[in-house]
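Here the structure is laid out as structure tokens; the discussion comes afterwards.
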Amino acid sequence: MSITAKAPQHAANIQPAMIEATDVSVVFNGVPAVDRASVAISPGRITAICGANGSGKSTLLKCLSGLEAPDSGDIRLAGQRLAGLSRRQIATQVAVLGQNPETPAGLNVEELVEQGRYPHRPWLTRLRANDREAIERAIDAVDLKDMRQRQLASLSGGERQRAWVAMALAQEPRILFLDEPTSFLDVRHQAELLTLLRRLNRQDGLTIIAVLHDLNQVIEIADDVILMKKGRVLSTGAPADIFTPLSLSHAFGCKVDVIPHPHTGRPFCLIDWVGDDRDRAGDQR
Amino acid sequence: MRSATTQLSSAVSPRLLFSLGLVLLVLLSIVALKQGGSLVAWSDIVAAPLRPETLAQAIIETVRAPRLVAAILVGLCLAVAGAVMQTVLRNPLAAPDILAVTTGAQLALVIATLLLPFYVPGLAATVFGGLLGGLACLMLGGGLRAPPVRLALAGIAVSLSFAAISSAIVLMADDRASGIVLWSAGILDQTGWMKVVTVGPAVFAGLVVVGVMARSLDLLGLGEDSARGLGVTRTVTMLALGVSVVLAGSAVTLGGPIGFVGLAVPNLVRGIGITRHRQVIPLSALWGAVAVLSADVMAQWLSAEGAAIPTGAIVACLGAPAMLVLLRFARIGGEKRPRPLSTGSRAPTGILLAVLLSVGALTIASSLAVGDGIATTLPQLAAVFDLRVPRLLVAMGAGMLLAGAGVFLQAATRNPLCGPETLGLAQGAALFSLLALLGGLSPGSLGFQLVTAAGAFVALVGLFCFGVHRTPERLVLYGIALAASLAACSTIVVVEARLQTTEALSWLAGSTHARGMDDVSALMPWVAFLFVAATSFCSRLDVLVLGDDTARALGLETGRARFAVAALAATFIAGAVSSIGAIGFVGLLAPHGARLLAGPKHARVLPVAMAIGAILVVVADMVGRSIIAPRELPAGIVTALVGAPIFALLLHRRRA
């Protein structure tokens, strides 16, 4: 994978891949959801998985995070085969925030975050001092200190999403997986969450892998992109390199233009929302 | 593109289905007329229309023909009522029995017959009671737009408490405890044409109204808003519900509470892909009649030498398989994961502990003092002490086990509607314990306990190995069907084996009658096991309720954990049932009460639930043995009497 110049601290240490998947396939009812995908995730980077609906993004994410076992292929987490690790061993290194997770009734923020310590707690023990510290750090990181006693059901969508992130952080993972974390949030909360993820990555060196829908968010936040279509990995690399009008139009099956962003100069995706219809709103003057 | 439904409906044409049903009905009718005793020959049935003056003809005319007509009418009424309710409420779980209409009607009939000093026509009582039951269910469940599960849950709560009241009245008014079987299980014996003649016109009128409304029902199926947009008014909704109550009331007047026909038949008809009410209604009616008549034929075939098996028990036996087919192949839409009860405020640990301790102490003290009369002095207390202490301990242990099982089951399934009794585990254990009794194993022996445990595990396997547990609604629906089937099997075992009905029934309902220190020591290992399992599993339960993916991401092997948790629950249930029988409502209620008081964390929920469970059973036992002393009301009936209204309150409070 290419190394961009904008994050010099990353360039200094080229480490072996954190997660390496080779020829991973998952078959649902005879149809391959992921088809011989090979990807490598470098440590300390933010990787986005992009693609149309049904392109196998979420399935690949589940495989990489160990939630689902692939039908064939090999996945290694820091050099060890994922299949050979126990669920608890995986959970001490990898945290996953699912797509729109269900919130059990009556749970408050602190109680949810406490659950993140489950993989670290030996059998039959109460929370110890280091557990408490991890919980504090996690709540602090997502800025929910004032709301720690609030019930999840009473929080706004953005706050609830942050509470779930805090639970994942309490796991003290090296890698954080997120499946469409911004899908159900308004723009402000999306921005807050992306800022938080970026901070966790840049300050704490957390490796982040996320399925993201918004291409411009990907360009803003991701160091690397995995572009998928129909279960296959089309291309991997820095967003600036692989987001071309041709590749995106091919991946999504609609017309996508890429222009330089007027302020930052980075690429900016323009989607042709209503096709060739000349009669657009605002056109008739 | 052709959808699966259209392909199915072209494969099974409504006309073919109708003719097939008609042929079956005629064949079954002939069998029903011939069946039972050898007094009626084939020639008599052939000659029947000519009405020759023979003994055989008299039997046909006064006994068998009325019973045949009653069976057909009951099936027809229940199925049509179910079809209408399902459409109007857009709720595949709606049926006269689920929405408490049947049990309301039954309760009114019991009151009118056994308690009121003046004569009330049966139909008037059942329609009135059915209306009350249905209204109670709608009010509790949240009205006409209530979500399917909420409404079904409310209906089941109302049903259970009505059934318990009915049982209590029958037990108090009727010295023969066998009466309760006859009263509560649906029996089609007719003495002459009286009931059929009085109910017939009401059924006919109801069917005519439903027939006229068929087109409006099609529109109502689209949803209330679109139906209104298309010009269907509230009046139509109300009229449809009213008619279905009249039909259900007629069915109860004729044959007592017979379940499942109203739920299963219309859903099966729709599952085949028939959606227009012009076809759904007649087909449901016909196949409903076929269902009840075939059950009745089977009931008469099994009832030999005076042991009368209630037809309702046979129908209920077939309930689980029918529901299984229904859930596998019918489309039940609008499924949402029901959420457990919760409150914003919860009691601080200190106060909670103080309250539970004082209520517990009060319960224990009064349960020792109260019995046949109240012991007020120490010598009096000492005299009954040895009798009452074992009962108290057994009740406490069983209550803890049931509550623990409820917490475990609700966590394993992430389904607040699950409990030992709604999943059929308690009924499975009870059925097997009955078989163990028949096999000569003495209650309290290890063999007896193991057989009982086997029953709970058989029910567990029957529950989870058919793949209907993917959604919570389906699981509970199937679980309730399974519970009813197993309970009906127990009824049939009691009747067929000529068990001492009183003892067997109080066993099945749950009772601490005549328990001694031996029973206490037999129960103690189970309670100790419960404590160990509870402490070692509570953090796993906390993670399990977060959902499969999250739990796995946190390092829990969910499949294995869920299996272990369910198996533990079955073990607790076996312990409770083998000591006091299938006592209902405790395992379903105690966890909810505990969550309301202590919040969602299992380290707090489990002990609080166990305390509540113990208190519930002890109180139920105390009330049961003192209210009609020197006779006893089984504790299980009391828990239903006490528990169902509390549950109703909880539901209501949650809505407010």
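Overview of results
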| quantity | calculated |
| --- | --- |
| Selection status of A:Leu152, under 18 Å from A:Gln217 (Cα atoms), of a type outside the set (Phe, Trp, Tyr) and touching a residue at least 24 places away in the same chain (Cβ under 8 Å) | no |
| Residue list for region A:118-136, restricted to those being away from chain B (no Cβ under 13 Å) and either buried (at least 16 other Cβ atoms within 10 Å of the Cβ) or of a type in the set (Asp, Glu) (or both) | A:Glu133, A:Ala134, A:Ile135, A:Glu136 |
| B:Leu151 assigned by TED's automatic domain parsing to the domain that holds B:Leu219 and over 25 Å from B:Ile309 (Cα atoms) | yes |
| Among the candidates B:Ala514, B:Ala528, B:Ala567, residue that is more than 14 Å from every other protein chain (Cβ to nearest Cβ), surrounded by fewer than 22 Cβ atoms within 10 Å (Cβ to Cβ), part of a helix (DSSP H, G or I) and free of Cβ contacts under 8 Å to residues at least 24 places away in the same chain | B:Ala528 |
| Region B:531-584: number of residues that are more than 24 Å from the chain's Cα centre (by Cα) and at positive phi | 2 |
| Failed condition for B:Arg90, given (1) at pLDDT below 90; (2) surrounded by fewer than 24 Cβ atoms within 10 Å (Cβ to Cβ); (3) in a helix (DSSP H, G or I) | (3) |
| Residues that are farther than 30 Å from A:Asn53 by Cα and in a loop (DSSP other than H, G, I, E, B), drawn from region A:79-115 | A:Gly79, A:Leu85, A:Ser86, A:Thr92, A:Ala105, A:Gly106, A:Leu107 |
| Meets criteria (at pLDDT below 90, buried (at least 24 other Cβ atoms within 10 Å of the Cβ) and touching a Ser or Thr at 6+ places or on another chain (Cβ under 7 Å)) for B:Ala488 | no |
| Scan of region A:106-115 for residues that are within 7 Å of chain B (Cβ to nearest Cβ) and in contact with a helix residue (DSSP H, G or I) (Cβ under 7 Å, 6 or more places away or on another chain), ordered by number | A:Gly106, A:Leu107, A:Gln115 |
| Qualifying residue in region B:246-261 (condition: farther than 25 Å from B:Ala488 by Cβ and assigned to a helix (DSSP H, G or I)) | yes |
| Test set (1) within 14 Å of chain A (Cβ to nearest Cβ); (2) touching a Leu at 6+ places or on another chain (Cβ under 9 Å); (3) modelled with pLDDT of 90 or more - B:His592 fails condition number | (3) |
| Which numbered condition B:Thr62 misses (of (1) in contact (Cβ under 8 Å) with a residue 24 or more places away in the chain; (2) on the phi > 0 side of the Ramachandran plot; (3) surrounded by fewer than 17 Cβ atoms within 10 Å (Cβ to Cβ)) | (2) |
| Residue, farthest from the chain's Cα centre (by Cα), within region B:15-68, restricted to residues that are outside any helix (DSSP H, G or I) and among the hydrophobic types (A, V, I, L, M, F, W, C) | B:Ala41 |
| Unmet requirement for B:Gly262, which otherwise passes all of (1) surrounded by fewer than 24 Cβ atoms within 10 Å (Cβ to Cβ); (2) touching an Asp or Glu at 6+ places or on another chain (Cβ under 9 Å) | (1) |
| Failed criterion for B:Ile274 (all others in (1) touching a Pro at 6+ places or on another chain (Cβ under 8 Å); (2) crowded, with 24+ Cβ neighbours inside 10 Å hold) | (2) |
| All positions within region B:225-248 that are more than 16 Å from B:Gly82 (Cα to Cα) and either surrounded by fewer than 17 Cβ atoms within 10 Å (Cβ to Cβ) or not assigned by TED's automatic domain parsing to the domain that holds B:Thr102 (or both) | B:Asp225, B:Ser226, B:Arg228, B:Gly229, B:Leu230, B:Gly231, B:Thr233, B:Arg234, B:Thr235 |
| Output for region A:1-38, where each listed residue is modelled with pLDDT of 50 or more and in contact with a helix residue (DSSP H, G or I) (Cβ under 9 Å, 6 or more places away or on another chain) | A:Ile19, A:Ala21, A:Val24, A:Val26, A:Phe28, A:Ala33, A:Val34, A:Ala37 |
| Total residues in region A:143-189, condition under 27 Å from A:Glu68 (Cβ atoms), part of a helix (DSSP H, G or I) and away from chain B (no Cβ under 14 Å) | 2 |
| Residue within region B:521-528 that is among the polar types (S, T, N, Q) and touching a His at 6+ places or on another chain (Cβ under 8 Å) present | no |
| All positions within region A:76-105 that are in contact (Cβ under 8 Å) with a residue 12 or more places away in the chain, away from chain B (no Cβ under 11 Å) and either small (Gly, Ala, Ser) or under 23 Å from A:Tyr118 (Cβ atoms) (or both) | A:Leu77, A:Ala78, A:Gly79, A:Leu82, A:Ala83 |
| Unmet requirement for B:Ala240, which otherwise passes all of (1) more than 26 Å from B:Val315 (Cβ to Cβ); (2) touching a helix residue (DSSP H, G or I) at 6+ places or on another chain (Cβ under 9 Å) | (1) |
| Scan of region A:220-245 for residues that are in a strand (DSSP E or B) and either of a type in the set (Ser, Thr, Tyr) or at pLDDT below 90 (or both), ordered by number | A:Ser235, A:Thr236 |
| Conditions (1) of a type in the set (A, V, I, L, M); (2) more than 20 Å from B:Leu425 (Cβ to Cβ); (3) in a helix (DSSP H, G or I); (4) within 14 Å of chain A (Cβ to nearest Cβ); number of the one not met by B:Leu556 | (3) |
| B:Val461, sole failed condition from (1) of a type in the set (Val, Ile, Thr); (2) assigned to a loop (DSSP other than H, G, I, E, B); (3) at pLDDT 80 or above; (4) more than 19 Å from the chain's Cα centre (by Cα) | (2) |
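The values are calculated or read from the model by the stated rules, or taken from the named source; none is laboratory data. What you are looking at is a predicted structure, and each value in this text was computed from that prediction instead of being measured. FYI the Cβ positions are ideal-geometry reconstructions off the backbone, even for glycines, and counts take in every protein chain you see.
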